[in-house]
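Bear in mind these aren't lab numbers, they're just calculated from the coordinates by the rules spelled out. Since we're looking at a predicted model, the values are computed, not measured. Note that each Cβ is placed from the backbone with ideal geometry, even for glycine, and that neighbours are counted across all protein chains shown.
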Amino acid sequence: MAQHKRVCFQLRVKKDRMDEYKARHREVWPEMLDALRRTGWKNYSLFLREDGLLIGYLETADFDQALAGMALQGVNDRWQAEMKGFFEDPQQRPADRQMELLEEVFHLD
């Protein structure tokens, strides 16, 4: 079994859309969840601070491959199109193209 790497990223959710953003994530489409699992996203979590800072965490064998796999999923195109307006991004890129990766500097174990 391939060793999973930990990946952490940040985005910024518009403060006036935070409640709706949280509501959407309580009802993620089953086909989107299936696509994430099929393309190698494990232990995936999102954390939202009250100022809109969103931190994402996942484990995967290869993050670039996991992103590329999702890019081939039609459900991902639909999800990204619906979610694009939630983020503070002057270029209005889909969230999966504006993730700012964070460097891991410590891990217990």
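Dividing the summed -39500 (n - 2.57) terms of all DSSP H runs of n ≥ 4 by the residue count of the chain sets its mean residue ellipticity at 222 nm at -9500 deg cm²/dmol.
For region 5-102, the spherically averaged projection of the C-alpha convex hull amounts to 5.8 nm². Of the trypsin sites (Lys or Arg not before Pro) in region 15-109, the ones in a loop by DSSP (not H, G, I, E or B) with at most 13 other beta carbons within 10 Å are ARG49.
Listed by Cβ neighbour count within 10 Å, with the fewest neighbours leading, HIS25, HIS107, HIS4 appear as HIS107, HIS25, HIS4. The C-alpha radius of gyration of region 55-109, expressed as a fraction of 2.2 N^0.38 Å, stands at 1.32.
The loop-placed chymotrypsin sites (Phe, Trp or Tyr not before Pro) in region 1-108, going by DSSP, that have at most 16 neighbouring Cβ atoms within 10 Å of their Cβ come out as PHE106. Residue order for VAL7, VAL28, VAL75, fewest other beta carbons within 10 angstrom first, comes to VAL28, VAL75, VAL7.
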